[in-house]
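Notes for the one structure printed next.
The values are calculated or read from the model by the stated rules, or taken from the named source; none is laboratory data. A quick note: this is a predicted structure, and the numbers were derived from the prediction, not measured. Neighbour counts run over all protein chains shown; Cβ positions are idealised from the backbone, glycine included. Just so you know, the surface numbers come from the protein's heavy atoms only, side chains and all, with ligands and any DNA or RNA stripped out. Shrake-Rupley method; radii C 1.70, N 1.55, O 1.52, S 1.80 Å.
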Amino acid sequence: MKYDVVVIGAGPAGCVTARFVAETGAKVLIIERRQEVGVPVLCGEGISRKIDSWDMLEGDRWIAGRMDGARIYSPDGTMVKLSADMAGNETGYVVYRDIFDQELARRAVKAGAKLMLNTMAVGLIKEKNKIKGVKAKRFDEKFDIHANIVVGADGVESKVGQWAGIDTCLKTKDLETCAQYTLTNVDCKDAYCDFYLGKHIAPGGYIWVFPKGKDVANVGIGILASLSKPGLAKKLLDKFIENDPRLKKGEPIRFLAGAVPVANPVETVRDNFILVGDSARQVDPITGGGLTHCLEGGKIAGEVIGKAVKQKDYSKEMLSEYETKWKKAFGKKLKRNYMVKEIMLDMDDKTFNMLADSLKDYKFEELSTLSLITALVKKHPTLLIKLRPLMKVSKEIKE
Ligand SMILES: Cc1cc2nc3c(=O)[nH]c(=O)nc-3n(C[C@H](O)[C@H](O)[C@H](O)COP(=O)(O)OP(=O)(O)OC[C@H]3O[C@@H](n4cnc5c(N)ncnc54)[C@H](O)[C@@H]3O)c2cc1C
């Protein structure tokens, strides 16, 4: 088997990359170890409305709900409400993640990509230390797929990056342990995404309740692995559900546990090789959201790879345009938000309550980290010293 490009993983990052490679006319194959794209779903399923202008998804089968805003609850229950006009683009959609992923796969295949399910990458083919393709396994059959460029889009548990010599190891302080239900028979009429913070609610993370229609909700928890122990995420989530009047009569139609990286991004390019999506740690360290970055990063990766194939230049120098461009598009934001995550980890519940209290009536003109910091500094000028570095980066990236 010989392709210009092999993509490992048919998640959003892999499918979008493959689509944009295929659109340049290059021969691309996606291999996916699962038997169905997008299944099982392990995701909060929330995404920003900025994807509207990106031409990634057609129709609206993938939309479970259009949100009017977001509400953030501090440990003592103080609510900061960010309505659609305040929150602008950031309050978006709750999606059906299985359909969402399958739509992205459909666009990739429509553009000319081949998709092979039940096929797992087990290693890289290397000749004279150069990556030349992927060693794969399908049921009991082992075979080689030769390619000039390999894309690692194998998600949070990525092994492919390590095979290519990139250190993708995650420390426990840079990993959220998650548990997530889809609950039915709940009473979530408001089209608001709710976030609950607090050391006793979700240490180093949060609980989310995202409505997916009038009586279904995606309810989950992420807690920092360094503050967790086996079973804690589910235990805290169950306790929260039992005590929430909207949710306590709910019955799960889906339960899954997993993880999300909340780390600084890693290097993403080698000769003949690119990493994209969760495997590149392109996830917001505050929210754990990665979907928009998969779409944005995947498009950049696909276009740069297409150019490399045309010019028959698969070198790190050629492919580095991808790293430069994604860092410009959202890399600085990820780095800044990693700093915010570290600051938040130092905060106790009392501080969260105090901050929520001072923000609860603040009239935001937009939702951005810069506007949050500005509001906090206006209310508490003593915070300026601590928040000055964040303000500086936020002004640079205008977010
Ligand atoms: C509980 C939870 C809630 C989340 N909620 C949100 C949210 O609300 N909003 C948001 O934006 N983000 C959210 N995220 C993050 C989001 O799900 C990820 O950022 C996104 O799925 C990353 O996409 P990806 O394509 O990089 O990886 P994935 O979606 O993980 O896809 C990787 C694919 O690679 C395949 N694969 C892995 N290894 C191999 C191999 N060796 N061979 C072949 N195939 C392989 C896997 O089977 C998988 O299909 C959440 C994550 C979790 C865990």
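So if I check each of Ile300, Ile286, Ile343, Ile373, which one is of a type in the set (A, V, I, L, M) and under 30 Å from Asp4 (Cβ atoms)?
Step by step, each of Ile300, Ile286, Ile343, Ile373 is checked, and only Ile300 is of a type in the set (A, V, I, L, M) and under 30 Å from Asp4 (Cβ atoms).
Of Ala225, Ala308, Ala301, which residue is among the small types (Gly, Ala, Ser) and more than 16 Å from the ligand (Cβ to nearest atom)?
Ala308
Mind listing whichever residues of the stretch 32-56 are of a type outside the set (D, E, K, R) and touching a strand residue (DSSP E or B) at 6+ places or on another chain (Cβ under 9 Å)?
Residues satisfying the conditions are Val37, Pro40, Val41, Leu42, Cys43, Gly44, Gly46, Ile47, Ser48, Ile51.
Suppose the filter is over 18 Å from Ala164 (Cβ atoms), more than 14 Å from the ligand (Cβ to nearest atom) and either open to solvent by less than 50 Å² (accessible area, probe 1.4 Å) or in a helix (DSSP H, G or I) (or both); does Leu295 pass it?
No: the conditions fail for Leu295.
Any idea how many residues of the stretch 251-271 are of a type in the set (D, E, K, R), touching a helix residue (DSSP H, G or I) at 6+ places or on another chain (Cβ under 6 Å) and assigned to a strand (DSSP E or B)?
1
If a residue has to be open to solvent by 10 Å² or more (accessible area, probe 1.4 Å), touching a Phe, Trp or Tyr at 6+ places or on another chain (Cβ under 8 Å) and among the β-branched types (Val, Ile, Thr) to count, how many in the stretch 19-46 make the cut?
Of the residues in that region, 0 qualify.
Scan the stretch 73-93 residue by residue and report those that are buried (at least 17 other Cβ atoms within 10 Å of the Cβ) and modelled with pLDDT of 90 or more.
If the condition is that a residue be buried (at least 17 other Cβ atoms within 10 Å of the Cβ) and modelled with pLDDT of 90 or more, then Tyr73, Ser74, Pro75, Thr78, Tyr93 are the ones that fit.
Among the residues of the stretch 191-215, how many are open to solvent by 10 Å² or more (accessible area, probe 1.4 Å), closer than 23 Å to Ile286 by Cβ and more than 15 Å from the ligand (Cβ to nearest atom)?
Matching residues across the stretch 191-215 total 6.
Can you name the condition, by its number, that Val16 falls short on among (1) away from the ligand (no atom under 15 Å from the Cβ); (2) crowded, with 17+ Cβ neighbours inside 10 Å?
The single condition Val16 does not satisfy is (1).
Go through (1) within 16 Å of the ligand (Cβ to nearest atom); (2) surrounded by fewer than 18 Cβ atoms within 10 Å (Cβ to Cβ); (3) not charged (D, E, K, R) one by one and return the number of the condition Thr324 breaks.
Of everything listed in (1) within 16 Å of the ligand (Cβ to nearest atom); (2) surrounded by fewer than 18 Cβ atoms within 10 Å (Cβ to Cβ); (3) not charged (D, E, K, R), Thr324 misses just condition (1).
Restricting to the stretch 345-357, give me the number of residues that are touching a residue at least 40 places away in the same chain (Cβ under 8 Å) and buried (at least 17 other Cβ atoms within 10 Å of the Cβ).
Residues flagged as touching a residue at least 40 places away in the same chain (Cβ under 8 Å) and buried (at least 17 other Cβ atoms within 10 Å of the Cβ) within the stretch 345-357 amount to 4.
It is to be established whether one or more residues within the stretch 236-255 are within 12 Å of the ligand (Cβ to nearest atom) and closer than 15 Å to Val156 by Cβ.
no
Identify the single condition in (1) farther than 30 Å from Arg270 by Cβ; (2) in a loop (DSSP other than H, G, I, E, B) that Phe195 does not satisfy, given that it satisfies every other one.
Here Phe195 clears every test but (2).
Any idea which of Lys248, Lys229 is touching a helix residue (DSSP H, G or I) at 6+ places or on another chain (Cβ under 7 Å), surrounded by fewer than 18 Cβ atoms within 10 Å (Cβ to Cβ) and part of a loop (DSSP other than H, G, I, E, B)?
Among Lys248, Lys229, only Lys248 is touching a helix residue (DSSP H, G or I) at 6+ places or on another chain (Cβ under 7 Å), surrounded by fewer than 18 Cβ atoms within 10 Å (Cβ to Cβ) and part of a loop (DSSP other than H, G, I, E, B).
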